[in-house]
Amino acid sequence: MLGSLADTRGHGAHWLGAIRGGLGNPLKTLETAGPVGAVVRAAIAAGLAARGMAATAGTAAAGRPSITILRFDCNQVARKEAHIDLDVRFAFPETGAGLRRRRIVADRGAGSVITFDAGICAGVEDLRALANAVLQEAVDRMLDDPALATALAA
């Protein structure tokens with residue numbers, strides 16, 4: 001159901017973020033098991049399946065959304081932060097609809113400098129959970145877009 005997916009973040013394919021020291025130096029890094037692009041693609045595919053929008057054999061390639069990952073990262077210095085920025089493009093030339101483009105941006109923050117899980121004492125699992133939450137929010141925003149849902153159903 002998806003067209004191309006490009007990762008233009010400028011980081012390694014598996015790099016997602018880090019818990020950083022006071023000078024911004026990475027102390028503990030967070031990497032994905034597979035490439036970040038594959039993680040994003042899997043989250044979108046799961047969102048499509050959950051909405052009953054599974055691909056059909058006759059789905060035209062031109063009608064599939066193409067996604068560019070502009071940003072997807074998470075960091076913690078004192079508090080945790082996760083950010084995602086997706087450029088979603090889709091066109092449906094067979095129906096006469098032109099190119100549509102939408103930016104999906106989601107940001108989340110959590111924690112406080114006065115808790116024990118702040119800074120270098122923190123583990124990466126809470127940071128991973130925050131990154132997952134921001135990814136899910138972006139997928140929901142993308143797939144709940146009425147224009148995209150109508151176009152995919154056509």
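The values are calculated or read from the model by the stated rules, or taken from the named source; none is laboratory data. Just so you know, these numbers come straight off a predicted model, no measurement behind them. Ligands, DNA and RNA are stripped out before the accessible areas are found, and what is left, the full protein with its side chains, is counted by its heavy atoms. Shrake-Rupley method; radii C 1.70, N 1.55, O 1.52, S 1.80 Å.
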Fill in the blank from the handout: Heavy-atom accessible area with a 1.4 angstrom probe orders Lys80, Lys28, most exposed first, as Lys28, Lys80
Exercise for the section: Mind grabbing the accessible area of Ser4 for me, 1.4 Å probe, Å², rounded to tens? Expected result: 70
